[in-house]
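**Q** Below you'll find the structure I mean.
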Protein chains: 2
Amino acid sequence: MAQNWQERPRPQRLEGCYEFPSYAELRDFLDSAAELSEREGLYPDMGFGRDYVNITIHADENSDALGEKQRRFAELLDELRRSTDGD
Amino acid sequence: MAQNWQERPRPQRLEGCYEFPSYAELRDFLDSAAELSEREGLYPDMGFGRDYVNITIHADENSDALGEKQRRFAELLDELRRSTDGD
C-alpha cells in the first residue's frame with residue numbers, strides 16, 4: 001500500500017492528501033501529476049488550496065473495484081511528492 | 001456579478017465551475033489561475049478532474065463577508081477562462 005493513502009468503500013476509492021511548505025512546490029507537484037495523468041490515462045479528482053492537495057482515485061468506469069492501475073498510480077504520486085520535496 | 005458564479009451563505013462564499021473540452025486547455029487555465037493567485041494574494045479552493053474545475057472563493061480570514069477583492073477575483077477568472085478558450 002502506498003503511503004499517505006486510505007482506501008474507502010461505496011464506491012471503492014483511494015483518498016490521499018499532501019501538504020506543501022510553499023505554493024511553488026505545490027504547483028510543481030500539480031504539473032508533474034498532470035503529466036503523469038496523461039501518461040497513465042488516469043485522471044483522479046484533485047482538490048487544492050494554498051498549501052494542500054487532496055486526491056481521490058476512483059475505480060475504472062466499467063468496474064466497481066480498484067485495480068492494480070489505481071494502486072500503482074497512488075504509489076507514483078507518492079514518488080512524485082518525494083521528488084518535488086525541496087528539503 | 002461575474003458569470004458562472006453563485007454566492008452561498010454560512011460561510012459566505014462564491015462558487016464557480018468551468019468545463020473544458022480538453023485536458024490541455026484545463027491545464028492552461030490552472031496555470032494561469034495559479035499566476036493570478038500569486039499576483040492577487042488570493043488562493044481559492046480548487047477542485048478538478050479531467051474536464052472540469054470547481055472553485056470556491058472564501059472571505060478573508062479576518063472577515064465574515066466577501067469583499068470587492070473576492071468579487072473581482074471571480075471576474076478575473078471568468079476573463080481567464082475566456083482567454084484560454086481554444087474556440
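**Q** Can you tell me which of (1) open to solvent by 80 Å² or more (accessible area, probe 1.4 Å); (2) farther than 19 Å from B:MET46 by Cβ; (3) acidic (Asp, Glu) is the one A:GLU40 doesn't meet?
**A** (1)
**Q** State all residues of the range A:41-69 that are out of contact with any His (no Cβ under 9 Å at 6 or more places or on another chain) and facing another protein chain (nearest Cβ under 7 Å); if no residue qualifies, say none.
**A** Answer for the range A:41-69, where residues must be out of contact with any His (no Cβ under 9 Å at 6 or more places or on another chain) and facing another protein chain (nearest Cβ under 7 Å): A:TYR43, A:MET46, A:GLY47, A:PHE48, A:GLY49, A:ARG50.
**Q** Consider B:ASP28 against the criteria (1) part of a strand (DSSP E or B); (2) open to solvent by 40 Å² or more (accessible area, probe 1.4 Å): it satisfies all of them except one. Which criterion is unmet?
**A** B:ASP28 satisfies every listed condition except (1).
**Q** Within the range B:58-86, count every residue that is part of a helix (DSSP H, G or I) and among the aliphatic types (A, V, I, L, M).
**A** Going through the range B:58-86 one residue at a time, the tally reaches 4.
**Q** How do the pairs read when you match residues in the range A:61-75 that are farther than 16 Å from A:ARG39 by Cα and open to solvent by 80 Å² or more (accessible area, probe 1.4 Å) with residues anywhere that are assigned to a loop (DSSP other than H, G, I, E, B) and of a type outside the set (Ser, Thr, Tyr), using Cβ under 8 Å and keeping only pairs 6 or more apart or on different chains?
**A** Sorted first by the residue in the range A:61-75, then by its partner, the pairs are A:ASP64/A:PRO11; A:ASP64/A:GLN12.
**Q** State whether the residues of the range B:13-24 include one that is part of a helix (DSSP H, G or I) and more than 14 Å from the chain's Cα centre (by Cα).
**A** The answer is yes; a qualifying residue exists.
**Q** Could you run through the range A:25-40 and say how many residues are more than 9 Å from every other protein chain (Cβ to nearest Cβ), closer than 13 Å to A:ARG81 by Cα and without any contact (Cβ under 8 Å) to a residue 60 or more places away in the chain?
**A** Number satisfying all stated conditions: 5.
**Q** Any residue that is closer than 30 Å to B:ASP60 by Cα and of a type in the set (Ser, Thr, Tyr) - is there at least one of those in the range A:60-81?
**A** Within the range A:60-81, none of the residues are closer than 30 Å to B:ASP60 by Cα and of a type in the set (Ser, Thr, Tyr).
**Q** Determine whether the range B:40-51 contains at least one residue that is acidic (Asp, Glu) and over 26 Å from A:GLU35 (Cα atoms).
**A** yes
**Q** Oh, and also: If you take the residues in the range A:7-23 that are within 12 Å of another protein chain (Cβ to nearest Cβ) and farther than 20 Å from B:VAL53 by Cα, which one is surrounded by the most Cβ atoms within 10 Å (Cβ to Cβ)?
**A** Only one residue tops the list, namely A:PHE20.
The values are calculated or read from the model by the stated rules, or taken from the named source; none is laboratory data. Because the structure is predicted, anything quoted here is derived from the model rather than measured. Positions of Cβ are backbone-derived with ideal geometry, glycine not excepted, and every protein chain shown enters the neighbour counts. When the accessible area is computed, the model is the full protein with side chains, heavy atoms only, and any ligands, DNA or RNA have been set aside. Shrake-Rupley method; radii C 1.70, N 1.55, O 1.52, S 1.80 Å.
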